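Inspection log for the structure reproduced underneath, given as structure tokens.
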Amino acid sequence: MSAPEIILHHYAFSPYAEKIRLALGIKGLAWRSVDVAMMPPRPLLDPLTGGYRRIPVLQVGADIYCDTHAILPALERLAPEPSLYPGLGAPLAEGLTFGLERDLWLAVIGVTVHFAGDLPGAFLRDRKDDYLYVDISHAAMEPDFARNAQRVAAWTAWLTQALADGRPFLGGERAGAVDLAHYHLLWLMRGAERAASVDPLLGLGAVHGWIDRVAALGHGRPQEMSAEAALEVAKAAEPATVEAVNAVPDLIAVSPGDAVTVTPDDFARVPVEGRLVAVDAGRIVIRRDDPQAGALHLHFPRAGFTVAKG
Ligand SMILES: N[C@@H](CCC(=O)N[C@@H](CS)C(=O)NCC(=O)O)C(=O)O
């Protein structure tokens with residue numbers, strides 16, 4: 001039987017999706033690209049995610065990976081070479097990039113909005129009410145611009161210093177997750193010809209070579225797929241077997257088979273309901289039986305999510 005296809009649910013403008021598209025580029029993988037709306041309703045994705053509303057989502061048969069910190073390790077397991085974690089190794093790279101993205105996401109949006117102005121009202125309302133819980137209109141973000149820009153500049157100073165010895169990528173000769181996490185945030189701020197304003201502000205002139213090298217990683221080999229077809233793939237498949245390693249059971253007091261909810265602890269805090277399959281120091285897996293999609297395993301990273309008895 002041939003290996004199930006890698007299916008990415010995403011939209012072009014999403015920076016976190018760009019992080020994953022570039023990871024697929026590093027690995028040179030073939031994948032199926034399902035275009036998703038920039039905001040709900042997403043009636044053909046919801047049956048797969050059980051309400052987890054963030055983008056991107058990776059699907060492999062009936063296994064659904066939510067959050068880039070679950071998606072990158074999944075890609076690494078599916079196609080170990082070349083590794084996404086050169087130099088630092090996976091734990092340090094995942095920890096560093098988790099901290100980077102947590103610290104910078106709203107600040108990056110603030111810098112972007114400063115130069116880009118307002119997005120449409122319906123988009124702003126959706127992000128405020130159901131995603132960030134923050135008003136990201138230009139008027140609301142502008143008073144914090146100096147604070148946001150300084151926060152981003154502190155991280156870009158680390159970036160430029162790390163690259164100052166002439167290494168091609170942060171981990172050395174090969175690109176990896178740490179490059180992608182820095183890059184996708186810059187990609188949002190510098191997009192739509194904002195680079196001429198953003199680069200001097202953040203002192204990015206010295207790292208244009210690195211920016212070009214990361215962009216040149218490309219996106220692997222995408223081929224479009226309809227959302228309907230992706231749902232059919234899930235319905236026809238069985239979730240892959242998971243080896244349960246319950247390494248932190250005392251902390252969350254749940255056991256495999258228990259009804260649980262899994263909820264992001266930052267943005268879009270929608271609880272996803274299911275039965276616990278496995279939890280260890282790095283990941284949470286729950287099973288959902290969906291009327292449209294059938295039996296699914298949903299995979300979440302441990303960091304950034306709360307597990308509770310359902
Ligand atoms: N920690 C998440 C963050 C993902 C995220 O916030 N993605 C943005 C798009 S770049 C999002 O979901 N925005 C709201 C939406 O598209 O519904 C991850 O690493 O995947």
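Structure above, values below:
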{"item": "Pick from the stretch 277-292, criterion within 20 Å of E94 (Cβ to Cβ) and open to solvent by 10 Å² or more (accessible area, probe 1.4 Å), ranking: modelled with the lowest pLDDT", "result": "A281"}
{"item": "Subset of the stretch 258-276 (residues that are in a strand (DSSP E or B), among the hydrophobic types (A, V, I, L, M, F, W, C) and buried (at least 16 other Cβ atoms within 10 Å of the Cβ))", "result": "V260, V262, V272, L276"}
{"item": "Filter result (more than 30 Å from P271 (Cα to Cα) and among the charged types (D, E, K, R)) within the stretch 125-180", "result": "E142, D144, R147, R151, D165, R167, E173, R174, D179"}
{"item": "Flag if H114 is in a helix (DSSP H, G or I), in the same structural domain as R147 (by TED's automatic domain parsing) and either open to solvent by 20 Å² or more (accessible area, probe 1.4 Å) or within 11 Å of the ligand (Cβ to nearest atom) (or both)", "result": "yes"}
{"item": "Neighbours by Cβ (under 6 Å, 6+ apart or cross-chain): first from the stretch 114-135, farther than 20 Å from A37 by Cβ; second within 12 Å of the ligand (Cβ to nearest atom) and modelled with pLDDT of 95 or more", "result": "D135/K128"}
{"item": "Count - residues of the stretch 201-219 that are in a helix (DSSP H, G or I) and either closer than 18 Å to E173 by Cβ or not assigned by TED's automatic domain parsing to the domain that holds D165 (or both)", "result": "8"}
{"item": "Failed item, numbered, when A295 is tested on (1) in contact (Cβ under 8 Å) with a residue 24 or more places away in the chain; (2) open to solvent by 30 Å² or more (accessible area, probe 1.4 Å)", "result": "(2)"}
{"item": "Of residues in the stretch 127-144 being hydrophobic (A, V, I, L, M, F, W, C) and crowded, with 16+ Cβ neighbours inside 10 Å, the one nearest to the ligand (Cβ to nearest atom)", "result": "L132"}
{"item": "Output for the stretch 48-68, where each listed residue is among the charged types (D, E, K, R) and either more than 13 Å from the ligand (Cβ to nearest atom) or modelled with pLDDT under 95 (or both)", "result": "D63"}
{"item": "Every residue from the stretch 149-188 that is under 12 Å from L104 (Cβ atoms), over 20 Å from the mean Cα position of the chain (by Cα) and small (G, A, S)", "result": "A149, A153, A154"}
{"item": "Counted residues, the stretch 1-47 - those being among the small types (G, A, S), assigned to a loop (DSSP other than H, G, I, E, B) and more than 15 Å from the ligand (Cβ to nearest atom)", "result": "3"}
{"item": "Flag for F98 being open to solvent by 20 Å² or more (accessible area, probe 1.4 Å), away from the ligand (no atom under 14 Å from the Cβ) and part of a helix (DSSP H, G or I)", "result": "no"}
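Matching residues to (1) more than 13 Å from the chain's Cα centre (by Cα); (2) farther than 27 Å from F169 by Cβ:
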| site | (1), (2) |
| --- | --- |
| D46 | yes, yes |
| A70 | no, no |
| A74 | no, no |
| E101 | no, no |
| L104 | yes, no |
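Matching residues to (1) in the same structural domain as V108 (by TED's automatic domain parsing); (2) open to solvent by less than 10 Å² (accessible area, probe 1.4 Å); (3) among the β-branched types (V, I, T):
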| residue | (1), (2), (3) |
| --- | --- |
| S14 | no, yes, no |
| A17 | no, yes, no |
| K27 | no, no, no |
| A30 | no, no, no |
| D35 | no, no, no |
| P41 | no, no, no |
| G50 | no, no, no |
| I55 | no, no, yes |
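Residue-by-condition table, conditions (1) at pLDDT 95 or above; (2) away from the ligand (no atom under 16 Å from the Cβ); (3) open to solvent by 40 Å² or more (accessible area, probe 1.4 Å); (4) under 19 Å from E18 (Cα atoms):
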site: R190; (1), (2), (3), (4): yes, no, yes, yes
site: A196; (1), (2), (3), (4): yes, yes, yes, no
site: L204; (1), (2), (3), (4): yes, yes, no, no
site: W210; (1), (2), (3), (4): yes, yes, no, yes
site: E224; (1), (2), (3), (4): yes, yes, yes, yes
site: P239; (1), (2), (3), (4): yes, yes, no, no
site: E243; (1), (2), (3), (4): no, yes, yes, no
site: L251; (1), (2), (3), (4): no, yes, yes, no
site: P256; (1), (2), (3), (4): no, yes, yes, no
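The values are calculated or read from the model by the stated rules, or taken from the named source; none is laboratory data. Not measured: the values here are computed from a predicted model. Cβ sites come from the backbone with ideal geometry, for glycine too, and all protein chains shown count toward neighbours. The accessibility values were calculated without ligands, DNA or RNA, using every heavy atom of the protein model including side chains. Shrake-Rupley method; radii C 1.70, N 1.55, O 1.52, S 1.80 Å.
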